[in-house]
Amino acid sequence: MRHASAYSGRGKLGLIVPPTNTVNEAEWQRLVPEGVTVHTHRMALHTDTASPAGRAALETDLDAAVAMLAAARVDTVAYACTAGSMVTPAASLPDALTARAGVATVTTAAAIIAALTALGVTRLSVATPYADALNAHETHFLEDHGFTVVNLVGLGIGAGGAHEYVRIAETPLEAVAAHARAAFVPGSEALLITCTDFPALPLVEPLEAELGVPVVTSNTATLWAALRRAGIADPVPGAGRLLTEH
């Protein structure tokens, strides 16, 4: 028993999500092993991670959010925002947060890089809900970390402004599945479905069986990284090869 708690004996995961995100928590709650609990905090969305001022503002808000979760004695904190954590090198943001807060911290972008590396894949097909600007940013981020983006297709949500992002969680599962299939190019070694607010969990195992490659989502990668950082290596059914084999 790590914690003297009726529900969290094995571990507590802290989770930071953007204000409109409603998918990440729902998918994690379906997956966490018995004795592991998830504790969530919302934080403003940061779209500028490249400029010094943007990075400083992001880290200031993250420090405050991590401190709030640290008070709950969590074992790991995950910043679960794909685009908002895509900094290069990927590990620089979670490493800095961990050093300052004294709590093990992971980010979605760094978790994706680590997960794909653990799976031994480099050639990717990618499905996102995003518009062109974020799709270009994600392509460059993945390529900067040694991956080949064979194909990346977005749904265009956000082209009219950040107020559109609430629509991401409202995308029907059948539409996500069709979008993922359309993005996949034969010869790719994995399918990556990004955005922590993009519902995809029930599709992971059927798509793996259909396409014959690992399927990684922002939420499965982040959960995998958070659990492993907390020292929990249980196979997690229902989330694909990443969480059952690695």
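Can you tell me which residue in the stretch 228-241 is surrounded by the most Cβ atoms within 10 Å (Cβ to Cβ), limited to those that are touching a residue at least 12 places away in the same chain (Cβ under 8 Å), among the hydrophobic types (A, V, I, L, M, F, W, C) and more than 12 Å from Leu201 (Cβ to Cβ)?
Filtering the stretch 228-241 for residues touching a residue at least 12 places away in the same chain (Cβ under 8 Å) gives 229-232, 234, 236, 238-241.
Applying the additional criterion that residues be among the hydrophobic types (A, V, I, L, M, F, W, C) yields 230, 232, 236, 239.
From the residues that got through so far, the ones that are more than 12 Å from Leu201 (Cβ to Cβ) too are 230, 232.
Details: Ala230: 21, Ile232: 19.
Selected residue: Ala230.
Rundown of residues vs (1) without any contact (Cβ under 8 Å) to a residue 12 or more places away in the chain; (2) over 18 Å from the mean Cα position of the chain (by Cα); (3) part of a loop (DSSP other than H, G, I, E, B), yes/no style:
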| position | (1), (2), (3) |
| --- | --- |
| Pro186 | yes, yes, yes |
| Thr196 | no, no, yes |
| Pro199 | no, no, yes |
| Val204 | no, no, no |
| Ala209 | yes, yes, no |
| Asn219 | no, no, no |
| Leu223 | no, no, no |
| Ala226 | no, no, no |
| Leu243 | no, no, no |
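Applying the selection to the stretch 55-95, what residues are of a type in the set (D, E, K, R), in a helix (DSSP H, G or I) and farther than 13 Å from His41 by Cα?
Residues satisfying the conditions are Arg55, Glu59, Asp95.
Kindly evaluate Ala44 against the criterion of being surrounded by fewer than 17 Cβ atoms within 10 Å (Cβ to Cβ) and under 26 Å from Val236 (Cα atoms). Before the answer, list the steps.
Values: surrounded by fewer than 17 Cβ atoms within 10 Å (Cβ to Cβ): yes; under 26 Å from Val236 (Cα atoms): no.
Spelling it out, it is not the case that Ala44 is surrounded by fewer than 17 Cβ atoms within 10 Å (Cβ to Cβ) and under 26 Å from Val236 (Cα atoms).
Has the stretch 70-77 got at least one residue that is over 20 Å from Trp224 (Cα atoms) and without any contact (Cβ under 8 Å) to a residue 24 or more places away in the chain?
Taking every residue of the stretch 70-77 in turn, at least one turns out to be over 20 Å from Trp224 (Cα atoms) and without any contact (Cβ under 8 Å) to a residue 24 or more places away in the chain.
Which of the following residues is open to solvent by 40 Å² or more (accessible area, probe 1.4 Å), more than 20 Å from Ala26 (Cα to Cα) and either in contact with a helix residue (DSSP H, G or I) (Cβ under 6 Å, 6 or more places away or on another chain) or part of a strand (DSSP E or B) (or both): Val153, Val149?
Val153 is the lone residue from the list that is open to solvent by 40 Å² or more (accessible area, probe 1.4 Å), more than 20 Å from Ala26 (Cα to Cα) and either in contact with a helix residue (DSSP H, G or I) (Cβ under 6 Å, 6 or more places away or on another chain) or part of a strand (DSSP E or B) (or both).
Quick one: would you say Asp48 is part of a helix (DSSP H, G or I) and not hydrophobic (A, V, I, L, M, F, W, C)?
In short, no.
Exactly one of (1) of a type in the set (Ser, Thr, Tyr); (2) outside any helix (DSSP H, G or I); (3) within 26 Å of Gly146 (Cβ to Cβ); (4) open to solvent by 20 Å² or more (accessible area, probe 1.4 Å) is unmet by Thr98. Its number?
Of the numbered conditions (1) of a type in the set (Ser, Thr, Tyr); (2) outside any helix (DSSP H, G or I); (3) within 26 Å of Gly146 (Cβ to Cβ); (4) open to solvent by 20 Å² or more (accessible area, probe 1.4 Å), the odd one out for Thr98 is (2).
If you check every pair at least six apart or on different chains, which have Cβ atoms under 7 Å apart with a residue in the stretch 31-53 that is on the phi > 0 side of the Ramachandran plot first and a residue that is open to solvent by 30 Å² or more (accessible area, probe 1.4 Å) and in a loop (DSSP other than H, G, I, E, B) second?
Listed pairs, sorted by first residue: Gly35/Arg10.
The values are calculated or read from the model by the stated rules, or taken from the named source; none is laboratory data. Everything quoted here is computed from the prediction, not taken from an experiment. Heads up, the Cβs are rebuilt from the backbone with ideal geometry, glycines too, and the neighbour counts pull from every protein chain shown. We work out accessible area using only protein heavy atoms, side chains counted, and drop any ligands, DNA or RNA first. Shrake-Rupley method; radii C 1.70, N 1.55, O 1.52, S 1.80 Å.
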